[in-house]
Amino acid sequence: MIVRKSAAEVEKIDAAGSILADCLDMLAAEARPGVTTAELDGLAERLIRARGGLPTFLGYRGFPASICASPNDMVVHGIPGAYRVAEGDVLSIDAGVTLGGYVADSAITLAMGAVDAEALRLLDVTAESLEAALAECREGRRLGDVSHAVQEVVEAAGFSVVRSLVGHGVGKEMHEDPQIPNYGDPGRGPRLEEGMVFAIEPMVNAGGHEVFVADDGWSISTVDGSLSAHFEHTVAVGKKAPRVLTRRGSERGAAEG
Ligand code: MG
Ligand code: MG
(Lines give C-alpha, C1' and ligand atoms only; values in the text may rest on other atoms or scores of the structure.)
(Ligands and ions follow the chains in the order given, each with its own letter.)
Protein backbone atom coordinates (compact mmCIF):
# COMPACT_ATOMS: atom_id res chain seq x y z
CA MET A 1 0.00 0.00 0.00
CA ILE A 2 1.30 3.43 -0.91
CA VAL A 3 1.03 5.68 2.16
CA ARG A 4 0.33 9.33 1.35
CA LYS A 5 2.11 11.84 3.55
CA SER A 6 0.47 14.88 5.09
CA ALA A 7 1.80 18.34 4.25
CA ALA A 8 3.51 18.37 7.67
CA GLU A 9 5.19 15.04 6.95
CA VAL A 10 6.44 16.25 3.57
CA GLU A 11 8.01 19.22 5.38
CA LYS A 12 9.83 16.82 7.68
CA ILE A 13 11.19 14.85 4.75
CA ASP A 14 12.18 18.15 3.14
CA ALA A 15 14.15 19.09 6.27
CA ALA A 16 16.02 15.77 6.14
CA GLY A 17 16.48 16.33 2.41
CA SER A 18 18.12 19.72 2.93
CA ILE A 19 20.80 18.17 5.13
CA LEU A 20 21.31 15.39 2.63
CA ALA A 21 21.59 17.80 -0.30
CA ASP A 22 24.24 19.81 1.54
CA CYS A 23 26.05 16.59 2.46
CA LEU A 24 26.24 15.48 -1.17
CA ASP A 25 27.39 18.92 -2.29
CA MET A 26 30.11 18.79 0.38
CA LEU A 27 31.19 15.34 -0.81
CA ALA A 28 31.23 16.52 -4.42
CA ALA A 29 33.61 19.28 -3.37
CA GLU A 30 35.83 16.97 -1.28
CA ALA A 31 35.96 13.96 -3.60
CA ARG A 32 39.08 14.08 -5.74
CA PRO A 33 41.84 11.74 -6.88
CA GLY A 34 43.77 10.55 -3.81
CA VAL A 35 40.96 10.63 -1.27
CA THR A 36 39.71 7.32 0.14
CA THR A 37 36.07 6.40 0.25
CA ALA A 38 36.43 5.87 4.03
CA GLU A 39 37.49 9.51 4.36
CA LEU A 40 34.42 10.63 2.41
CA ASP A 41 32.25 8.47 4.65
CA GLY A 42 33.69 10.13 7.76
CA LEU A 43 33.05 13.60 6.34
CA ALA A 44 29.47 12.67 5.52
CA GLU A 45 28.72 11.26 8.95
CA ARG A 46 30.17 14.32 10.64
CA LEU A 47 28.09 16.76 8.59
CA ILE A 48 24.88 14.79 9.03
CA ARG A 49 25.29 14.53 12.81
CA ALA A 50 26.40 18.18 13.14
CA ARG A 51 23.10 19.17 11.52
CA GLY A 52 21.13 17.03 13.97
CA GLY A 53 20.39 14.19 11.59
CA LEU A 54 21.16 10.50 11.69
CA PRO A 55 22.94 8.67 8.87
CA THR A 56 20.14 6.35 7.76
CA PHE A 57 22.41 3.80 6.11
CA LEU A 58 24.62 3.18 9.18
CA GLY A 59 23.46 -0.12 10.65
CA TYR A 60 20.69 -0.57 8.07
CA ARG A 61 20.48 -4.38 7.75
CA GLY A 62 24.03 -4.31 9.15
CA PHE A 63 25.51 -1.87 6.62
CA PRO A 64 28.72 -0.56 8.23
CA ALA A 65 28.86 3.04 6.94
CA SER A 66 26.96 6.28 6.40
CA ILE A 67 27.35 6.38 2.62
CA CYS A 68 27.60 3.90 -0.21
CA ALA A 69 30.62 4.66 -2.39
CA SER A 70 30.65 2.77 -5.69
CA PRO A 71 33.44 3.46 -8.21
CA ASN A 72 33.41 2.69 -11.93
CA ASP A 73 31.81 -0.69 -12.72
CA MET A 74 30.31 -0.87 -9.24
CA VAL A 75 26.63 0.06 -9.54
CA VAL A 76 25.54 0.60 -5.92
CA HIS A 77 26.04 -0.43 -2.28
CA GLY A 78 29.83 -0.09 -2.20
CA ILE A 79 31.20 -0.17 1.34
CA PRO A 80 33.54 2.78 1.99
CA GLY A 81 37.08 1.73 2.85
CA ALA A 82 40.67 1.89 1.69
CA TYR A 83 39.77 2.44 -1.96
CA ARG A 84 41.61 5.54 -3.14
CA VAL A 85 39.80 7.54 -5.79
CA ALA A 86 41.82 7.76 -9.02
CA GLU A 87 41.97 10.24 -11.87
CA GLY A 88 39.40 9.20 -14.48
CA ASP A 89 37.10 7.37 -12.04
CA VAL A 90 33.39 7.85 -11.91
CA LEU A 91 32.26 7.56 -8.29
CA SER A 92 28.66 7.05 -7.22
CA ILE A 93 27.78 8.23 -3.73
CA ASP A 94 24.45 7.37 -2.14
CA ALA A 95 23.35 8.56 1.29
CA GLY A 96 20.31 8.85 3.53
CA VAL A 97 19.41 11.21 6.35
CA THR A 98 16.85 10.61 9.06
CA LEU A 99 15.55 13.68 10.90
CA GLY A 100 12.60 13.79 13.24
CA GLY A 101 11.66 10.26 12.27
CA TYR A 102 11.58 10.91 8.52
CA VAL A 103 14.00 9.79 5.84
CA ALA A 104 15.40 11.37 2.68
CA ASP A 105 17.47 9.37 0.17
CA SER A 106 19.63 10.74 -2.65
CA ALA A 107 22.61 9.81 -4.81
CA ILE A 108 25.02 11.40 -7.27
CA THR A 109 27.74 10.18 -9.58
CA LEU A 110 30.88 12.27 -9.81
CA ALA A 111 33.59 12.49 -12.47
CA MET A 112 37.02 12.45 -10.85
CA GLY A 113 39.43 14.66 -12.75
CA ALA A 114 39.73 14.06 -16.46
CA VAL A 115 37.14 11.43 -17.41
CA ASP A 116 36.62 10.12 -20.92
CA ALA A 117 33.81 11.50 -23.03
CA GLU A 118 31.71 8.34 -23.03
CA ALA A 119 31.79 8.23 -19.22
CA LEU A 120 30.66 11.85 -19.06
CA ARG A 121 27.84 11.05 -21.47
CA LEU A 122 26.76 8.18 -19.19
CA LEU A 123 26.57 10.59 -16.24
CA ASP A 124 24.66 13.19 -18.23
CA VAL A 125 22.16 10.69 -19.59
CA THR A 126 21.55 9.13 -16.17
CA ALA A 127 20.95 12.54 -14.59
CA GLU A 128 18.69 13.48 -17.51
CA SER A 129 16.66 10.27 -17.08
CA LEU A 130 16.12 11.14 -13.42
CA GLU A 131 14.85 14.61 -14.35
CA ALA A 132 12.49 13.09 -16.89
CA ALA A 133 11.09 10.76 -14.23
CA LEU A 134 10.76 13.53 -11.64
CA ALA A 135 8.72 15.58 -14.11
CA GLU A 136 6.11 12.78 -14.18
CA CYS A 137 5.53 12.99 -10.40
CA ARG A 138 2.22 14.84 -10.42
CA GLU A 139 -1.44 13.96 -10.18
CA GLY A 140 -2.90 12.46 -13.31
CA ARG A 141 0.17 10.37 -14.03
CA ARG A 142 0.70 6.71 -13.23
CA LEU A 143 3.68 4.97 -11.74
CA GLY A 144 4.45 3.36 -15.09
CA ASP A 145 4.91 6.83 -16.58
CA VAL A 146 7.71 7.47 -14.07
CA SER A 147 9.43 4.16 -14.84
CA HIS A 148 9.02 4.57 -18.57
CA ALA A 149 10.48 8.07 -18.52
CA VAL A 150 13.79 6.71 -17.23
CA GLN A 151 13.89 3.83 -19.67
CA GLU A 152 13.10 6.02 -22.67
CA VAL A 153 15.94 8.46 -22.04
CA VAL A 154 18.47 5.74 -21.17
CA GLU A 155 17.76 3.41 -24.06
CA ALA A 156 17.56 6.22 -26.62
CA ALA A 157 21.15 6.99 -25.61
CA GLY A 158 22.22 3.36 -26.13
CA PHE A 159 22.73 2.55 -22.43
CA SER A 160 21.07 -0.11 -20.23
CA VAL A 161 18.76 0.20 -17.25
CA VAL A 162 19.63 -2.12 -14.35
CA ARG A 163 16.53 -4.26 -13.88
CA SER A 164 17.14 -6.02 -10.60
CA LEU A 165 17.36 -2.81 -8.52
CA VAL A 166 14.52 -0.33 -8.11
CA GLY A 167 13.47 2.97 -6.60
CA HIS A 168 10.93 3.03 -3.79
CA GLY A 169 8.54 4.93 -1.61
CA VAL A 170 10.21 6.74 1.30
CA GLY A 171 9.04 8.41 4.50
CA LYS A 172 9.04 6.91 7.96
CA GLU A 173 11.09 4.06 6.52
CA MET A 174 13.82 4.23 3.90
CA HIS A 175 12.08 1.59 1.83
CA GLU A 176 8.30 1.80 1.56
CA ASP A 177 5.83 0.81 -1.15
CA PRO A 178 5.79 1.06 -4.08
CA GLN A 179 8.80 -0.43 -5.82
CA ILE A 180 9.72 1.83 -8.73
CA PRO A 181 11.50 0.01 -11.56
CA ASN A 182 13.51 2.08 -14.01
CA TYR A 183 11.66 0.49 -16.92
CA GLY A 184 8.01 -0.06 -17.65
CA ASP A 185 4.96 0.74 -19.67
CA PRO A 186 3.42 4.22 -19.70
CA GLY A 187 -0.18 4.53 -18.55
CA ARG A 188 0.09 1.50 -16.26
CA GLY A 189 0.27 1.00 -12.50
CA PRO A 190 -1.07 3.02 -9.56
CA ARG A 191 -2.37 6.54 -10.13
CA LEU A 192 -0.15 9.15 -8.52
CA GLU A 193 -1.69 11.26 -5.78
CA GLU A 194 -0.51 14.32 -3.91
CA GLY A 195 1.51 13.36 -0.85
CA MET A 196 3.09 10.23 -2.24
CA VAL A 197 6.84 10.48 -1.71
CA PHE A 198 9.25 8.51 -3.87
CA ALA A 199 12.97 7.90 -4.08
CA ILE A 200 13.57 7.65 -7.83
CA GLU A 201 16.96 6.26 -8.70
CA PRO A 202 18.05 5.31 -12.20
CA MET A 203 20.99 2.91 -12.18
CA VAL A 204 22.41 2.88 -15.69
CA ASN A 205 25.13 0.75 -17.25
CA ALA A 206 27.19 1.71 -20.27
CA GLY A 207 27.07 -1.96 -21.34
CA GLY A 208 24.61 -4.71 -20.50
CA HIS A 209 22.06 -4.54 -17.69
CA GLU A 210 23.29 -7.64 -15.81
CA VAL A 211 24.77 -7.14 -12.33
CA PHE A 212 26.15 -9.35 -9.56
CA VAL A 213 26.65 -9.09 -5.80
CA ALA A 214 30.26 -9.32 -4.57
CA ASP A 215 31.53 -11.61 -1.83
CA ASP A 216 31.22 -8.74 0.69
CA GLY A 217 27.46 -9.33 0.47
CA TRP A 218 26.77 -5.70 -0.43
CA SER A 219 28.48 -4.19 -3.42
CA ILE A 220 26.81 -4.75 -6.77
CA SER A 221 28.78 -4.45 -10.02
CA THR A 222 28.20 -4.86 -13.74
CA VAL A 223 28.78 -8.38 -15.07
CA ASP A 224 30.52 -7.10 -18.21
CA GLY A 225 32.75 -4.65 -16.32
CA SER A 226 31.20 -1.63 -18.02
CA LEU A 227 30.83 1.67 -16.16
CA SER A 228 27.68 2.39 -14.20
CA ALA A 229 26.06 5.61 -12.97
CA HIS A 230 23.43 6.29 -10.30
CA PHE A 231 21.46 9.44 -9.56
CA GLU A 232 18.62 9.64 -7.04
CA HIS A 233 16.25 12.23 -5.64
CA THR A 234 13.47 12.09 -3.08
CA VAL A 235 10.37 13.74 -4.55
CA ALA A 236 6.86 14.51 -3.33
CA VAL A 237 4.08 14.09 -5.86
CA GLY A 238 2.23 17.38 -6.24
CA LYS A 239 -1.17 18.29 -7.65
CA LYS A 240 0.36 20.15 -10.56
CA ALA A 241 4.10 19.75 -10.17
CA PRO A 242 6.63 17.58 -8.38
CA ARG A 243 8.47 18.90 -5.36
CA VAL A 244 12.05 17.62 -5.24
CA LEU A 245 13.05 17.37 -1.56
CA THR A 246 16.77 16.68 -2.03
CA ARG A 247 17.65 19.30 -4.67
CA ARG A 248 21.25 20.38 -4.15
CA GLY A 249 22.41 23.98 -4.11
CA SER A 250 24.81 23.11 -6.92
CA GLU A 251 21.94 22.16 -9.26
CA ARG A 252 19.36 24.81 -8.38
CA GLY A 253 18.34 26.58 -11.51
CA ALA A 254 18.42 23.19 -13.21
CA ALA A 255 15.11 21.69 -14.34
CA GLU A 256 12.58 22.00 -11.52
CA GLY A 257 9.13 20.92 -12.55
MG1 MG B 1 19.82 5.97 -2.07
MG1 MG C 1 16.96 4.68 -2.60
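The values are calculated or read from the model by the stated rules, or taken from the named source; none is laboratory data. What you see is a predicted model; the values in this text were computed from it and never measured. Here the Cβ positions follow ideal geometry from the backbone for every residue, glycine too, while neighbour counts run over all protein chains shown.
See the values below:
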read-out	value
All positions within the range 169-201 that are buried (at least 20 other Cβ atoms within 10 Å of the Cβ) and aromatic (Phe, Trp, Tyr)	PHE198
Of all residues making up the range 205-248, the number that are away from ligand 2 (no atom under 15 Å from the Cβ), of a type in the set (Val, Ile, Thr) and surrounded by 14 or more Cβ atoms within 10 Å (Cβ to Cβ)	3
Single match in ASP177, ASP216 (criterion: assigned to a loop (DSSP other than H, G, I, E, B), at pLDDT 95 or above and either closer than 21 Å to LYS12 by Cβ or away from ligand 1 (no atom under 16 Å from the Cβ) (or both))	ASP216
The range 37-66, residues that are assigned to a loop (DSSP other than H, G, I, E, B) and aliphatic (A, V, I, L, M)	LEU58, ALA65
Number of the exception - GLY53 against (1) buried (at least 16 other Cβ atoms within 10 Å of the Cβ); (2) small (Gly, Ala, Ser); (3) within 16 Å of ARG84 (Cα to Cα)	(3)
Test for LEU122: is it touching a residue at least 60 places away in the same chain (Cβ under 8 Å), buried (at least 17 other Cβ atoms within 10 Å of the Cβ) and more than 18 Å from LEU47 (Cα to Cα)	yes
Test: ILE79 is aliphatic (A, V, I, L, M), in contact with a strand residue (DSSP E or B) (Cβ under 6 Å, 6 or more places away or on another chain) and over 16 Å from HIS168 (Cα atoms)	no
One residue from PRO64, PRO55 being closer than 28 Å to ASP216 by Cβ, at pLDDT 95 or above and touching a strand residue (DSSP E or B) at 6+ places or on another chain (Cβ under 8 Å)	PRO55
Filter result for ALA199 (part of a strand (DSSP E or B), in contact (Cβ under 8 Å) with a residue 12 or more places away in the chain and touching a His at 6+ places or on another chain (Cβ under 6 Å))	yes
Residue match in the range 64-76 (condition: touching an Asp or Glu at 6+ places or on another chain (Cβ under 8 Å) and within 29 Å of ARG188 (Cβ to Cβ))	yes
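Every residue, every condition in (1) in contact with a helix residue (DSSP H, G or I) (Cβ under 6 Å, 6 or more places away or on another chain); (2) under 22 Å from TYR183 (Cβ atoms); (3) of a type in the set (Gly, Ala, Ser), yes or no:
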residue	(1), (2), (3)
PRO80	yes, no, no
ASP94	no, yes, no
THR109	yes, yes, no
LEU122	no, yes, no
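Yes or no, residue by residue, for (1) out of contact with any helix residue (DSSP H, G or I) (no Cβ under 7 Å at 6 or more places or on another chain); (2) over 26 Å from THR56 (Cα atoms):
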residue: ARG163; (1), (2): yes, no
residue: LYS172; (1), (2): yes, no
residue: ILE200; (1), (2): no, no
residue: MET203; (1), (2): yes, no
residue: TRP218; (1), (2): yes, no
residue: LYS240; (1), (2): yes, yes
residue: GLY249; (1), (2): no, no
